[in-house]
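Reviewing the structure listed below.
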Amino acid sequence: MWVEAEIKSHSNDVELIIDCAYGLGAIGVIVKTPFLTDGLDLGTYTESHTDLHLVVATFEAPFVRSARALFRRRLDRLALHTSLPRIRYEYVKDRDFANEWRIFFSVQRFGKLKLRPSWINEEVLPGEIEMILDPGFAFGSGLHTTTQLCLELLEHNISNQIEAWNVIDVGTGSGILSIASALLGADRIRAYDIDCDSIEIAKANARLNHVSDLITYEVFDFSKKIVKKLFDMPDRADLIVANISQTALVSMMHNFSFSSKLGGQLIMSGFGPASVTDIVAAGTDAGFQLATNLNRDEWSALTMTRKF
């Protein structure tokens, strides 16, 4: 027996919702896209950008009330374009979902990084760095644009370094950015999240990619008022990466500064172009200077350098 969760959402929020569902153990997700027909030609279809998409995530039964409440809390934390209505749940009879969903997954490449589902056998090409991902291990069927942008900026900042770097991943979630940092050559990674369940998922993903010895995990809220913990860090970070909401980033900016070295890099995403000015202003006030601004598919990512 399985449980299907039906979530109606804006088209720009679909990938974030998919990744969130896989992070909670969904064994498959499909998206039902609204289409418009040409009144004169019923064979002509165009995607509707005003009607809501329907995301259907399948979980193993019973998916009890506490699991459903956790799913809702995680969805509400996402930087979504529109708030989500009530989630509809429905029990469905047994099917071989575990194998049926595999047809929706494929190898993905982002610069040197190659992300491969474990059941697909494909040779690693010269110069490629392989990361293994599976549905149910929180990575999702397709990486959100903000994650792609962060991966590109991580590769640019880490892979060409001569000296070993230490990295802080704030809001680690599934751990994909921590794992990517390790695979790209970071010597030490500290991963933080406010959700203990996310930490356990990130640990499982690190084990899958054989980088557990490089990453330490902790439940910690970087948005709290500057705490003694940040001053007691034995070494400050060469690079901090945070793929979270604008509100969270602004609230954490001074803590980012206290936990990074002079000249250290801060990679941020999880917001659109309209938010860039406010985030850069908050970063500048905390001692950072803008270095890179990438924009793609209505999403943005920044690299800032700590100057003081």
Some residue of the range 277-296 being within 16 Å of T145 (Cβ to Cβ) and modelled with pLDDT under 95:
yes
Unmet criterion (only one of (1) assigned to a helix (DSSP H, G or I); (2) at pLDDT below 90) for D235
(1)
Residues within the range 192-214 that are free of Cβ contacts under 8 Å to residues at least 60 places away in the same chain and more than 21 Å from T145 (Cα to Cα), tallied
13
Members of the range 112-128 that are touching a strand residue (DSSP E or B) at 6+ places or on another chain (Cβ under 9 Å) and assigned to a loop (DSSP other than H, G, I, E, B):
K112, S118, E122, V124, L125, E128
Return the residues of the range 68-85 that are of a type in the set (A, V, I, L, M) and either outside the structural domain of E6 (by TED's automatic domain parsing) or surrounded by 16 or more Cβ atoms within 10 Å (Cβ to Cβ) (or both); say none if nothing qualifies.
L75, L78, A79, L80, L84
Kindly indicate whether any position in the range 270-289 is within 18 Å of the chain's Cα centre (by Cα) and either assigned to a strand (DSSP E or B) or surrounded by 18 or more Cβ atoms within 10 Å (Cβ to Cβ) (or both).
yes
For the range 297-308, the count of residues that are touching a strand residue (DSSP E or B) at 6+ places or on another chain (Cβ under 8 Å) and closer than 18 Å to T146 by Cβ equals 6
Assess whether Q265 counts as being buried (at least 20 other Cβ atoms within 10 Å of the Cβ), out of contact with any Lys or Arg (no Cβ under 6 Å at 6 or more places or on another chain) and either touching a residue at least 12 places away in the same chain (Cβ under 8 Å) or not assigned by TED's automatic domain parsing to the domain that holds V170 (or both).
yes
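The values are calculated or read from the model by the stated rules, or taken from the named source; none is laboratory data. Keep in mind that what you see is a predicted model, and the values were worked out from it rather than measured. All Cβ positions, glycine included, derive from the backbone under ideal geometry; neighbour counts span all protein chains shown.
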